[in-house]
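Structure, as structure tokens:
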Protein chains: 4
Amino acid sequence: MSFNTFGHMLRMTTFGESHGVAIGCVLDGCPPGIPLTEADIQHHLDRRRPGQSRFTTQRREPDTVRILSGTFADERMSGPLTTGTPICLLIENVDRRSKDYADIRDKYRPGHADFTYLAKYGLRDYRGGGRSSARETASRVAAGAVARKIIPGVEIRGAVVQMGKHAIDREKFDWAQVDRNPLFCPDAEAAEKWADVLDATRKAGSSLGAVIEVVASGVPAGWGAPIYGKLDQDLASAMMSINAVKGVEIGAGFAAGALSGEENADEIRDGGNAPRFLSNKAGGILGGISSGQDIVVRFAVKPTSSILSPRRTVTTAGEETEIVTKGRHDPCVGIRAVPVGEAMMALVLADHFLRHRGQTGKSG
Amino acid sequence: MSFNTFGHMLRMTTFGESHGVAIGCVLDGCPPGIPLTEADIQHHLDRRRPGQSRFTTQRREPDTVRILSGTFADERMSGPLTTGTPICLLIENVDRRSKDYADIRDKYRPGHADFTYLAKYGLRDYRGGGRSSARETASRVAAGAVARKIIPGVEIRGAVVQMGKHAIDREKFDWAQVDRNPLFCPDAEAAEKWADVLDATRKAGSSLGAVIEVVASGVPAGWGAPIYGKLDQDLASAMMSINAVKGVEIGAGFAAGALSGEENADEIRDGGNAPRFLSNKAGGILGGISSGQDIVVRFAVKPTSSILSPRRTVTTAGEETEIVTKGRHDPCVGIRAVPVGEAMMALVLADHFLRHRGQTGKSG
Amino acid sequence: MSFNTFGHMLRMTTFGESHGVAIGCVLDGCPPGIPLTEADIQHHLDRRRPGQSRFTTQRREPDTVRILSGTFADERMSGPLTTGTPICLLIENVDRRSKDYADIRDKYRPGHADFTYLAKYGLRDYRGGGRSSARETASRVAAGAVARKIIPGVEIRGAVVQMGKHAIDREKFDWAQVDRNPLFCPDAEAAEKWADVLDATRKAGSSLGAVIEVVASGVPAGWGAPIYGKLDQDLASAMMSINAVKGVEIGAGFAAGALSGEENADEIRDGGNAPRFLSNKAGGILGGISSGQDIVVRFAVKPTSSILSPRRTVTTAGEETEIVTKGRHDPCVGIRAVPVGEAMMALVLADHFLRHRGQTGKSG
Amino acid sequence: MSFNTFGHMLRMTTFGESHGVAIGCVLDGCPPGIPLTEADIQHHLDRRRPGQSRFTTQRREPDTVRILSGTFADERMSGPLTTGTPICLLIENVDRRSKDYADIRDKYRPGHADFTYLAKYGLRDYRGGGRSSARETASRVAAGAVARKIIPGVEIRGAVVQMGKHAIDREKFDWAQVDRNPLFCPDAEAAEKWADVLDATRKAGSSLGAVIEVVASGVPAGWGAPIYGKLDQDLASAMMSINAVKGVEIGAGFAAGALSGEENADEIRDGGNAPRFLSNKAGGILGGISSGQDIVVRFAVKPTSSILSPRRTVTTAGEETEIVTKGRHDPCVGIRAVPVGEAMMALVLADHFLRHRGQTGKSG
């Protein structure tokens, strides 16, 4: 969890810029013996891939992943297995449109990292946002697909629960709806309304923020660790590292600030082999350690900073001017953040599973 | 940022249980040549110390810190300086009241980590919460006091901005008020109202959640790093690691989810040596790197789980029962979280300052 | 393995200076449920303790260890167990002789870190060598005692196999002899000769180097990891981190440089459940992973730099002068390096056991 | 320094197997603004490249490196500069000879990691040694080429100083000779003799061990850190991580074990701005910190395990048999270890330079 590496026992290191040769990652620490093909990963990448509906950027990237290392098969095996060595996943950048970058080269786009990269490094790859582009998250989704296979008993699902000012109706939350609309919305009615709102937003050259919820079911009690290895802490770190995320909460989250102790208590009854909690204000984590309940995380994504409405800014030389960010942008980057959030959840949980097994010897 | 160590170049490792011999920490990586005495640290510990008003636990802990290593003075020097070697800070546990722990030994307290520690480790030090007690945060405050001295140009301030359902009036926000009331409230009127609310809460044996805001001023542009070394990511990790925290947000935070791109854009004008931002929705961080604006973080603290109202639970043997948590508890743990949040901000910023200086050679 | 922390899953962080208040360490990542008392640790500390024979420094340090955290017992348990939380071990410095440090304060002692600490940090705690004193290794021995309990099936033994120019007779190697002489010598005849040599050395105010061998038996095949997590690599790091060590070798070591491929090959026969190697040139490690054979490490310790023979040096102001290092010094620091080398072996192996169990799920 | 990542501030993560699609690495933490082209790296790779003389394997690998990320140039710049983001270096495996691997698939080759990988992971990529092949070291050489550019004032040179039983004549040591013979031998006479010895070795189907020396000049005093961040410790770790290395020593190394304190002392005279040492038994490191003298490291490489002489072994099924390792092998892997050792020296020093600059603010 420093610089470009995430995780302690399962470690993902990503590389690559938006309009460079390729992006990708090295996933180190994966257990051996896990069946893994490119198709297993491609499935998840396709959920994040741009250009699949009118609600996402029209950049045409097939996002085809290649496994360069870390799996092995010979004619006596039924298919490739992980070998326990680093898995390098490579995604070539195909649609590097030859365009004029002069505008974003010489002006700071509000809400983007143009100025801060320059302040830190003295230079920057400005083509399509370079390293700060959300394109990097494709690597996370690829690595996350592997992480899921390390913890097969855990189901990880994500959804958009708020689009701009419009939240879903919690009564109508239905996971089955999520893949039936291009907005990852779990409320069929809301999905229709949001489509209209987004169309209007896109036509106005504007953009919208969103709130995403990711839930992991089937996590046994005991994963995580106290103090600075807390499961919720690592989830907060994971989600906040996603481009455009401005807030993360677990369980009741910020709403807990307004509760009384009585309201917030998740009372307990006997559940047979384990305690049965009567509510889940805790979001499945107590003292940084999983309780066996669903792990519930939400994060807020700011509206896409690249909009057609002119905004005031300065040039790198300090001259005051305006900027209009043309090009191919998502009117709501929160939508494609859903598979990314799921991937980060998978990476955190798989890492903690290995850490837990290492320290305690428990595999459940 | 794993297990009981926090930070990459400036690394704090804490140890100790609530009712053990002592708690403390080792702070490694501190630059040499910084004047440091126990009084420098004690000042900050005293702000977190319990028993100072009727709004905090009545446990009597002087929280006297001793520096066991890492500083040096001889008769030719005007006072102790850090030597660049590990600074061990020790705080003895004095008020280990001899009491009957049978109730919390044998029952799971809702909202506490009793069950999850047991599920993970197979045993637990249940005395006063053991390792999961918020007492651990005294070590953070001590280390944070050292961290502040590493970045003397940065001012770090915290305040409670919401107590239960009662938020401050942002128009009346005044940092000068924070130390004039025992609630770290920056709004003098709100402070009075909150005192009444808290009195009622305490008498009812109940508790309240809160939201804390921590602001760092004077951070130059360029600290932080992209992708998994993001400043906001490490702040999210830092704040979420504090006991009872359920949510963290930067700048506009969750509110950004409801904004349009136009509303969220921090427009820019020429500021002489650097861009001047016309607003701070970003909370001082773009692409994980500081922009030179104030760094603004808020976190939500759940209500104290130890309350006098009986709650349903089970025993460790699985029998259904109720529990009433007597003892000495804060009616709102959010209050004493203020100096802890400040300390974590200081630790994150000092770590990133050293990392930035290492990679880029820039000291500003 | 950075700065003052060693290990990845089992992490030891040490602190303290030779003549400060105390030295000690925090051992993080220890599995829960392991019986541990101060006596378990004291036993090993006593083997390293100074002042036990005329061949070691006469500094009078009882080296009494206190466990400040990380274990727990109540009246229902038969004794304290580790809880999985950080174990802080504290050793107070008792014999801080009030002496005149002016000589070592103002002159660089050849072979010591006086100049380099000053070059790095701009100041240094020169009292008894401060942080660079071999006194720090007491913390390692204490932590190593805990590490041994994590891997109870592994036996770790160390011995001095060369004292100055005098090597043992390998034919007479007998582990049982090691604790029967104050020189940790496994060859009874050599031990007597060495005693004479050391007496002469001590009387001459001189000192001698040594070579130490540490052997771990009972390590199952499979511990370690390829590339940068190699078992031999971590052992090299561990041993080279001990004060005064100038070389480390595994198995045949430097002698392998003079061998042919035929001579170096450890041929293999069937051993029932596992291969049976006909020799152990490899020192029990192949490709960074244990083979099930004994792990064999040797390291060279330079002669004590503090000698009574005057050596040329300069003052911190650059004036040319001479220095004679009086005080209480070991004529051969290699002797007391034996328990330290054993401790480092234990720490590396326990760390790798946990890492192996985490990644592969195997406990053997 | 764990698993497949090396370094703390400058972190190299390698991936890839000998006969997989490609090998490569991600170098993270590189300072921005350093001119870097593929040619800068290729130069060093070519020194390690196989098939350049009759003394190295005849595998035909061009080892052409591609920079996939982390540098940037536009038409206003004179050439590509590092951007401070991860540098991915990719080397395709070209000569993956279609051969029958049945022999090494089913038998354990003595001296190789066949058995240990299988014991750890339960499966292995046996083609050409898979991950355990020395082919991985090409990635190190590539990353090391970048590391050298981070510390331009430091000159790093390596040489073979012993081939089998034949050591160089130290009186004839001449760095200028190293690149004039295919054996990296600094003694012109020895080079001729060694060529004959190697020819005989190769024809006999045998192999030889070697000792390599790597020297870094121009390292300022102050790099490194005490205790577990020692420069010599990290060098020991670095060199021991190279395939086939069985021993590492610094300065006088193992010979120091046979010295007296007087002999070992590097006496000091005034050198103007800094102390001038009259000898370099310490190998340029005191207390883990550089002294300003040359850093001198030696490591022993065992003879190539793949030889034509039949050796006894067992099959994976436990049947006793013999093995002859045909194929393309170096008669002395120590030769090509020279550029690898140089690269590891560069990586360790560049990492420590960044760490030193981070903690102390000193750039020299």
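Each reported figure results from applying straightforward, stated rules to the coordinates on display, with no laboratory input. Keep in mind that this is a model prediction, so the values were computed, not measured. Virtual Cβ from ideal backbone geometry, glycine too; neighbours counted across all protein chains shown.
Could you work out the Kirkwood radius for the range C:29-172, taking every pair of different alpha carbons, averaging 1/r and inverting it, reported in Å?
Working: mean 1/r = 0.0544 Å⁻¹.
With all distinct Cα pairs of the range C:29-172 included, I get 18.4 Å.
Arranged by the count of other C-beta atoms within 10 angstrom, fewest first, what order do A:ARG311, C:ARG60, B:ARG355, B:ARG170 take?
Details: A:ARG311 21, C:ARG60 12, B:ARG355 26, B:ARG170 9.
Fewest to most other Cβ atoms nearby, the residues stand as B:ARG170, C:ARG60, A:ARG311, B:ARG355.
Would you please give the residues with an amide H less than 5 Å from that of D:TRP223, counting only those at least 5 places away or on a separate chain, with H modeled from the backbone geometry?
D:SER290
Hey, got the Cα dimensions of the range A:291-364 along the principal axes, in Å, largest first?
Computed over the range A:291-364, the largest-to-smallest principal extents equal 61, 26, 20 Å.
Placing the label point 7 Å from Cα along the Cα-to-Cβ direction, what are the distances from C:GLY318 to the equivalent spots in the other copies, shortest first, in nm to one decimal?
The projected label point of C:GLY318 is separated from its counterparts by 4.1, 7.4, 8.0 nm.
Just to check, using Stokes-Einstein with a Kirkwood Rh over alpha carbon pairs, what's the diffusion coefficient of the range C:181-256 at 25 °C and 0.890 mPa s in µm²/s?
Values: Rh = 15.4 Å.
It comes out at roughly 160 µm²/s.
Given N residues in the protein assembly as shown, what is Rg(Cα) / (2.2 N^0.38 Å)?
Numbers: Rg = 31.2 Å, N = 1456, 2.2 N^0.38 = 35.0 Å.
The value comes to 0.89.
Need one value for D:202-209: mean number of C-beta atoms belonging to other chains within 10 Å of its residues' C-beta atoms.
Per-residue shielding by partner chains comes out at 4.
Could you check how many percent of all C-alpha pairs in the range A:123-217 are farther apart than 16 Å? List each step's numbers first, then the result.
Numbers: 2971 of 4465 pairs.
The share of Cα pairs beyond 16 Å in the range A:123-217 comes to 67 percent.
Any idea what diffusion coefficient the range D:240-307 gets from Stokes-Einstein, in µm²/s, Kirkwood Rh on alpha carbon pairs, 37 °C, 0.692 mPa s? Write out the running numbers ahead of the final one.
Working: Rh = 13.8 Å.
Approximately 238 µm²/s, per Stokes-Einstein.
Would you calculate a helix-derived [θ] at 222 nm for chain B, using -39,500 (n - 2.57) for each DSSP H run of n ≥ 4 and dividing by the full residue count, to the nearest 500? Spell out each step's value before the answer.
Details: 8 runs with 96 residues, N = 364.
Helices in chain B give a 222 nm mean residue ellipticity of -8000 deg cm²/dmol.
Fewest to most neighbouring Cβ within 10 Å: what's the order for D:TYR101, A:TYR108, D:TYR117? Spell out each step's value before the answer.
Numbers: D:TYR101 15, A:TYR108 23, D:TYR117 28.
Ranking D:TYR101, A:TYR108, D:TYR117 by Cβ neighbours within 10 Å, fewest first, gives D:TYR101, A:TYR108, D:TYR117.
Taking only the alpha-carbon positions of the range D:136-272 and ignoring solvent, what does the Debye formula give for the base-10 log of I(q)/I(0) at q = 0.16 Å⁻¹?
-1.14
Return the distance in nm (one decimal) between the two label points of a simple spin-label model at D:ALA200 and C:ARG66, each offset 7 Å from Cα along Cα→Cβ.
A separation of 6.8 nm, rounded to one decimal place.
Only residues of the range C:70-114 count here: report those whose backbone N is under 19 Å from the spot 7 Å along Cα→Cβ of D:ARG269, or say none.
C:108-111
How big is D for chain A, in µm² s⁻¹ as a whole number, if Stokes-Einstein is applied with the Kirkwood radius of its Cα pairs at 4 °C and 1.567 mPa s?
Working: Rh = 21.6 Å.
In µm²/s, the coefficient rounds to 60.
In whole Hz, with x marking every Gly and Pro, tabulate ³J(HN,Hα) for the range A:179-185 from phi via Karplus 6.51 cos²θ - 1.76 cosθ + 1.60, θ = phi - 60°.
8, 9, 9, x, 10, 6, 9
Any idea how far apart A:GLN42 and D:SER279 come out in nm if each label point goes 7 Å out from Cα toward Cβ?
In this crude label model, A:GLN42 to D:SER279 measures out at 6.7 nm.
For chain A, take the longest principal axis of its alpha carbons; what is the angle in degrees between that and the long axis of helix A:188-203, to the nearest 10 within 0 to 90?
Approximately 20 degrees, to the nearest 10.
Put a label point 7 Å from Cα along the Cβ direction on D:ARG60, then list its distances to the equivalent points in the other copies in nm, shortest first.
3.9, 7.9, 8.8
Enter the angle in degrees (range 0 to 90, nearest 10) between the Cα long axis of helix A:231-240 and the first principal axis of the Cα atoms of chain A, meaning the one along which they spread out most.
Helix A:231-240 sits at roughly 10 degrees to that axis.
Along the range B:78-92, what does the Karplus equation 6.51 cos²θ - 1.76 cosθ + 1.60 (θ = phi - 60°) give for ³J(HN,Hα), rounded to whole Hz, x for Gly and Pro?
Couplings: 7, x, x, 10, 5, 10, x, 9, x, 9, 9, 10, 10, 10, 6 Hz.
For chain D, find the longest principal axis of its Cα atoms and tell me its angle to the long axis of helix D:38-48, 0 to 90°, nearest 10.
Rounded to the nearest ten degrees, it is 60.
Order of C:ASP351, C:ASP174 from fewest to most other C-beta atoms within 10 Å? Write out the running numbers ahead of the final one.
Numbers: C:ASP351 29, C:ASP174 14.
With the fewest neighbours first, C:ASP351, C:ASP174 line up as C:ASP174, C:ASP351.
Setting aside same-chain residues fewer than 8 positions from B:LYS165, which lysines have a Cα under 28 Å from its Cα?
A:LYS165, A:LYS172, A:LYS230, A:LYS246, A:LYS281, A:LYS302, B:LYS193, B:LYS203, B:LYS246, B:LYS281, B:LYS302, B:LYS326
Skipping prolines and chain starts, which residues have an amide H placed within reach, meaning under 5 Å, of the one on A:ASP270, given they are 5 or more residues away or on another chain?
Answer set, sorted by chain and number: A:ARG276.
For peptide C:283-293, what's the mean number of Cβ atoms from other chains within 10 Å of each residue's Cβ? Could the numbers behind the result be given before it?
Details: counts 2, 1, 4, 13, 16, 8, 9, 3, 5, 3, 0.
For peptide C:283-293, the averaged partner shielding equals 6.
Counting partner chain Cβ atoms within 10 Å of every residue's Cβ in A:299-308, what's the average?
Numbers: counts 6, 11, 2, 13, 11, 3, 6, 1, 5, 2.
Mean inter-chain Cβ contacts per residue within 10 Å come to 6.
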